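Working notes, structure below.
The values are calculated or read from the model by the stated rules, or taken from the named source; none is laboratory data. Because the structure is a prediction, the values reported are computed rather than measured. As a convention, Cβ positions derive from the backbone with ideal geometry for all residues, glycine included, and neighbour counts pool all protein chains shown. Please note that ligands, DNA and RNA were not included when accessible areas were found on the heavy atoms of the full protein model with its side chains. Shrake-Rupley method; radii C 1.70, N 1.55, O 1.52, S 1.80 Å.
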Amino acid sequence: MTPVKSITPAAAADMIRSGALLVDIREPDERVGACIPAARSLPLSMIEFRDLERVEGQAVIFHCRSGRRTHANAEGLAAKAGSGETFILEGGLDAWRAAGLPVGDGQ
């Protein structure tokens, strides 16, 4: 298991454009109203039951609303991601939005 690193919203946006997988760990009701368009939904409550469905070696970036939940669950998220680089979006969706990056209206 590789260590989890924090990544800024701008760096995450660059990585996503280059093929990294962005995973939103918030619950479905939290996504209503605001989500990052490129993010795949994989709620923390379901993460042990569902696969990431990613390309082998693909970098994975996890995010929540503020970054607290992803940091608190970093070890389990890294285990779920397996091989390849694993990142946590610093400040979550709130920081993404503050950086002026695109936010959709949810589900």
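How many percent of DSSP beta bridges within the chain run antiparallel, rounded to 5? Intermediate values should be presented prior to the final figure.
Working: 1 of 14 bridges.
If we restrict to bridges inside the chain, about 5 percent are antiparallel.
Set the Förster distance to 35 Å, then compute FRET efficiency between Glu27 and Val55 from the Cβ-Cβ distance, nearest 0.05. Can you show the working numbers first?
Working: r = 26 Å, r/R0 = 0.74.
The formula returns an efficiency of 0.85 here.
Order Ser83, Ser66, most accessible first, counting only protein heavy atoms with a 1.4 angstrom probe.
Ranking Ser83, Ser66 by accessible area, largest first, yields Ser83, Ser66.
Compute the longest continuous run of the chain that contains no exposed GluC sites (Glu not before Pro); treat a site as exposed when its DSSP state is not H, G, I, E or B and it has at most 15 other Cβ atoms within 10 Å. Please report the intermediate quantities before stating the final value.
Details: sites that count: Glu48, Glu53, Glu56.
It works out to 57-107.
Per residue, what accessible area does the chain have, given a 1.4 Å probe and all protein chains present, in Å²?
Result: 51 Å² per residue.
For region 22-39, just list the computed ³J(HN,Hα) in residue order, Karplus coefficients 6.51, -1.76 and 1.60, θ = phi - 60°, integers in Hz, with x standing in for Gly and Pro.
Couplings: 9, 10, 8, 8, 6, 6, x, 5, 6, 6, 5, x, 6, 7, 7, x, 7, 7 Hz.
What list of ³J(HN,Hα) couplings, whole Hz, do you get for region 56-61 from phi and the Karplus terms 6.51, -1.76, 1.60, once you set θ to phi - 60° and write x for glycine and proline?
Result, ordered by residue: 3, x, 5, 5, 10, 10 Hz.
PRE reach from Glu48 (point 7 Å along Cα→Cβ): which of region 57-94 fall under 14 Å by backbone N?
Residues 76-77, 79-80 fall inside that zone.
What order do Arg40, Arg69, Arg17, Arg31 take when sorted by accessible area (1.4 Å probe), most exposed first?
Highest to lowest solvent-accessible surface, that is Arg17, Arg40, Arg69, Arg31.
Could you work out what % of the accessible surface of the chain is carbon and sulfur, using a 1.4 angstrom probe and leaving DNA, RNA and ligands out of the count? Write down the numbers at each step before the final one.
Values: 2860 of 5470 Å².
Taking all protein chains in place, the chain shows 52 percent carbon and sulfur surface.
Would you pull out the residues with amide H under 5 Å of Ala34's amide H, same chain only if 5 or more places away, H placed 1.01 Å from N?
Those lying under 5 Å, H to H, from Ala34 are Gly106.
Relative to the present Cα-Cα distance, how much length would full extension add between Arg68 and Asp94 at 0.36 nm per residue of separation?
This chain segment gains 8.2 nm when fully extended.
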